[in-house]
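Report on one structure; see the data block that follows.
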Amino acid sequence: MRVTLVQAPVYDRQSPSLALAYLSSVLAENDYDVNIVDLNRDFFKSVDENEKFESFFKKFRVNYINQWYQIDIDYFVNVLFYEKFKKHSITEDEYGFINSIVDNFVGKILQKTPDVIGFSVYQSSALFSLLTAREIKKKKPETVIIFGGPDCLNSKEEFFLKQDYIDFVVFGEGEVTIVELLDSLEMGVCYPESDGVMWKNENKIYRGKNRELIKDLDRIPYPNFDLFNLADYNKVWQLPVLMTRGCTGNCYFCFENNYYRCFRKRNPAHVFYEIKRNLRKYNIYYYAFNDSLINGDLYQLEKFCDLVIKENLNIKWWAQVRPRRMPFDLLKKMRRAGCYHLFFGIESASQKVLNDMRKGTKVEIIKETLRLSKKAGFKITSFWMFGYPTETDKDFKMTCDFVKENKKNIDFVYATTLILRPGSIIYSDIDKFDIKLPEFTKKYPEEICSLFPDLNFYYLYYWTSQEGRNNADVRHKRYGFFKDHARKIGLSVDEGI
């Protein structure tokens, strides 16, 4: 059975997909003929080299993707269901250009003559994944199409399966599930009742049980990047790596614990030897840790640094960290081990808001950790979130004042507003958090609304507080003011993709 794994745009333009590298390694270990089609990198190469692509992407980015990949429902629905509308929010030329992109994608995938195609789907890549899968099914209806990835949870998986061109959805960790699913298909089982799989039969959707998490992450084979054209990434030239899965926190606004459900870690020696292997194999010296936080276990982190220093491994790496107390000696050791950039998920400088978010840290700890990290020699990026339900103008001012007072210990700021995420605690109990969801389903034909288990999923940017004082306009104004404020005091503002 020939399997093609696909990463559609829009995804990280700096690194190949770690998820597909892991899956391809697992499938090869189980004797499947596997290849990867990296449509995302093809897309960004075209953006970099073609003025028409660049112009399209600028508009696409505004209409479809904001700083946290939030989907604009009008753009999404108008493109995906273009032929069902009499009036459109996109032009005929733009729709034609999107179709030309998709036709090119389809040709590249079908060149591999796959029996099965697996799409790794993120919220930012859902539109092109759907468009590409639909056209493939038209041309090769016998091809099995599987969707998996972070966007295949929390009602979205049902939406995907309601499209007649998608056969299966894998939800949760995929390394074990994908092998079981393909084994079943090879044995001629059309409707495998596997954990972690959704399927349909006679227009009825079935959902397997949640698959048990992989307890020993070291049993997963090293990710394989041989199937990527790494030369396409030569402007950045870094590889992703993962030391842990999950998070030690449980913030109310975050949906990640619904995906990974608990914090698990690899043996630091296992991570070290993976990087050492990649350094020798690909001659790549830069690494991006894709962990939610690299400092969930300080002992593990220190042991990894000790190995890098002991063997004098010449690498550079960056990672996300949670603002917590970290010994200065450990920070210095991280620098010696090649870490040069830390990304802090801070969100707010109001202690009240931090407590309400359940961030599990204090403003004084954030301030001191930033100071020590900068003293150790790191570049610092800070993430901020505006419009939490309990955030007031006074709380917002505290954040602006904090950034100004601590600007010498911050290099970059990355701002966003609170977007409700299915799977997060705040989304599952909106009444507790005094939140009201908008109702926009009347804008669309019933045949379209029926495809969405919860069309409001795409409108979760526009939630309001019950009394209306916290709304999208207020949040967006704070977001814009903060970015202008950061620039005025000399900080760089990261706009995202």
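The values are calculated or read from the model by the stated rules, or taken from the named source; none is laboratory data. All figures in this text were calculated on a predicted structure; none of them were measured in a lab. Ideal geometry is used to build each Cβ from the backbone, glycine not excepted, and the neighbour counts take in all protein chains shown.
Points worth noting:
- Residue match in segment 340-349 (condition: surrounded by 15 or more Cβ atoms within 10 Å (Cβ to Cβ), assigned by TED's automatic domain parsing to the domain that holds Leu298 and in a helix (DSSP H, G or I)): no
- Criterion: at positive phi, modelled with pLDDT under 60, surrounded by fewer than 16 Cβ atoms within 10 Å (Cβ to Cβ) and outside any helix (DSSP H, G or I) - qualifying residue of Gly468, Gly496: Gly496
- Considered as a group, the residues in segment 31-60 that are surrounded by fewer than 14 Cβ atoms within 10 Å (Cβ to Cβ) and not basic (Lys, Arg) include one that is nearest to Arg219 (Cα to Cα), and that residue is Asp31.
- Taking segment 391-424 as the range and being assigned to a loop (DSSP other than H, G, I, E, B), among the hydroxyl-bearing types (Ser, Thr, Tyr) and within 26 Å of the chain's Cα centre (by Cα) as the test, only Ser424 passes.
Listed here are the residues, each with its yes/no results for (1) surrounded by fewer than 21 Cβ atoms within 10 Å (Cβ to Cβ); (2) in contact with a strand residue (DSSP E or B) (Cβ under 9 Å, 6 or more places away or on another chain); (3) among the acidic types (Asp, Glu).
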residue	(1), (2), (3)
Lys139	yes, no, no
Val169	no, yes, no
Val176	yes, no, no
Glu180	yes, yes, yes
Glu186	yes, no, yes
Cys190	yes, yes, no
Ile205	yes, yes, no
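- Pick from segment 425-450, criterion assigned to a helix (DSSP H, G or I) and surrounded by 14 or more Cβ atoms within 10 Å (Cβ to Cβ), ranking: modelled with the lowest pLDDT: Thr441
- Per-region count, segment 272-310, residues without any contact (Cβ under 8 Å) to a residue 60 or more places away in the chain, touching a strand residue (DSSP E or B) at 6+ places or on another chain (Cβ under 7 Å) and of a type in the set (A, V, I, L, M, F, W, C): 5
- Among (1) under 20 Å from the mean Cα position of the chain (by Cα); (2) surrounded by fewer than 17 Cβ atoms within 10 Å (Cβ to Cβ); (3) of a type outside the set (Val, Ile, Thr) - the single one Ser292 does not satisfy: (2)
- The one condition in (1) of a type in the set (Gly, Ala, Ser); (2) crowded, with 20+ Cβ neighbours inside 10 Å; (3) over 14 Å from Arg475 (Cβ atoms); (4) in contact (Cβ under 8 Å) with a residue 60 or more places away in the chain that Ser382 fails to fulfil: (4)
- If you go through segment 91-119 and keep only what is of a type in the set (A, V, I, L, M, F, W, C), more than 20 Å from Leu23 (Cα to Cα) and under 25 Å from the mean Cα position of the chain (by Cα), you end up with Ile98, Ile101, Val102, Phe105, Val106.
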